[in-house]
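Accompanying notes for the structure given below.
The values are calculated or read from the model by the stated rules, or taken from the named source; none is laboratory data. Nothing here was measured: the structure is a model prediction, and the numbers come from that model. Reconstructed Cβ throughout: ideal geometry from the backbone, glycine too, with neighbour counts over all protein chains shown.
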Amino acid sequence: MRQASSFGFFNPYKVGSDNIPVSLLQFADDAILIGDGSHKNTWVMKSVLQLFELSFGLKINFSKCNLYGVNIQEDILYSHVEFLHCKLYSKSFSYLGIPVGVSHKRKSTWTSLIDKIQSRLSSWYSTNISFVGRVILINVVLSALLVFYLSFYKALISVVRSIQKIQRNFLWDGGYPKRKIHWVK
C-alpha cells in the first residue's frame, strides 16, 4: 500500500495539518485500507489484495470483507461493493473500541465511553476497597479509557465534566448507598 501510494496509484487519506498519508492500519489479524472513494482506489485495493494472495499463497475471502464508506455517495459505494464482492456496512462503525464515521462533537458519540466507565465501576462498588485503592483504580483504569478516546477526538466539556463527576462519586462515596462529603473537588 505504501508503494502504491508513493507511485501515485493510490490516493490515501491525509491526516492532520501536516497531511500525513495513511493508507493501511493493521492490528492483529485485521487490516483497514483507507483512501478516497474513487474507482481507481478500489481497483488498486483489489490488486494489492490479490498480489498479497499470490505472494503468500493465502486466499482472501472477499465475501467476509466489509466496505465502510464515510462521506461517500451511496451509488458510488454500491458500485465498489459489487466490484469487490464484499459486504456493505453502515456509515459508522467501531474499530478497537473507537467510533469511526461519527461526529465527536455530539454527546451521543461519547455515551459508549461513559457507559464503559460506569460498567467498570459497577463491578468495583464495594465497601472492601480502600480510599487508596479507589484512587489507583481511577488513575490507572478509568483515566486510561478516557486518554485512549482523547488520543483520537477532542471531548466536549460536558462529557469531561460528567466523567469527572462519576469518578468523584466513586472516589468519595466508595459504593455506599448514602452520599458522603466530597472533601476536595
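When TYR95, TYR68, TYR89 are checked against the criterion of being modelled with pLDDT under 85 and surrounded by 15 or more Cβ atoms within 10 Å (Cβ to Cβ), TYR68 stands alone in meeting it. Taking the stretch 119-149 as the range and being of a type in the set (Phe, Trp, Tyr) and either surrounded by 11 or more Cβ atoms within 10 Å (Cβ to Cβ) or touching a strand residue (DSSP E or B) at 6+ places or on another chain (Cβ under 6 Å) (or both) as the test, the residues that pass are TRP124, TYR125, PHE148, TYR149.
Quick check on this structure: which one of LYS87, LYS116, LYS105 is in contact (Cβ under 8 Å) with a residue 12 or more places away in the chain and either in contact with a Cys (Cβ under 8 Å, 6 or more places away or on another chain) or on the phi > 0 side of the Ramachandran plot (or both)? Lay out the reasoning, then the answer.
Values: LYS116 fails: either in contact with a Cys (Cβ under 8 Å, 6 or more places away or on another chain) or on the phi > 0 side of the Ramachandran plot (or both); LYS105 fails: either in contact with a Cys (Cβ under 8 Å, 6 or more places away or on another chain) or on the phi > 0 side of the Ramachandran plot (or both).
That would be LYS87, the only listed residue that is in contact (Cβ under 8 Å) with a residue 12 or more places away in the chain and either in contact with a Cys (Cβ under 8 Å, 6 or more places away or on another chain) or on the phi > 0 side of the Ramachandran plot (or both).
Among the residues of the stretch 1-24, those that are out of contact with any Phe, Trp or Tyr (no Cβ under 8 Å at 6 or more places or on another chain), closer than 20 Å to SER151 by Cβ and surrounded by 10 or more Cβ atoms within 10 Å (Cβ to Cβ) comprise TYR13, LYS14, VAL15, ILE20, LEU24. Mind checking which residues of the stretch 99-113 are crowded, with 16+ Cβ neighbours inside 10 Å and hydrophobic (A, V, I, L, M, F, W, C)? Answer for the stretch 99-113, where residues must be crowded, with 16+ Cβ neighbours inside 10 Å and hydrophobic (A, V, I, L, M, F, W, C): VAL102, TRP110, LEU113.
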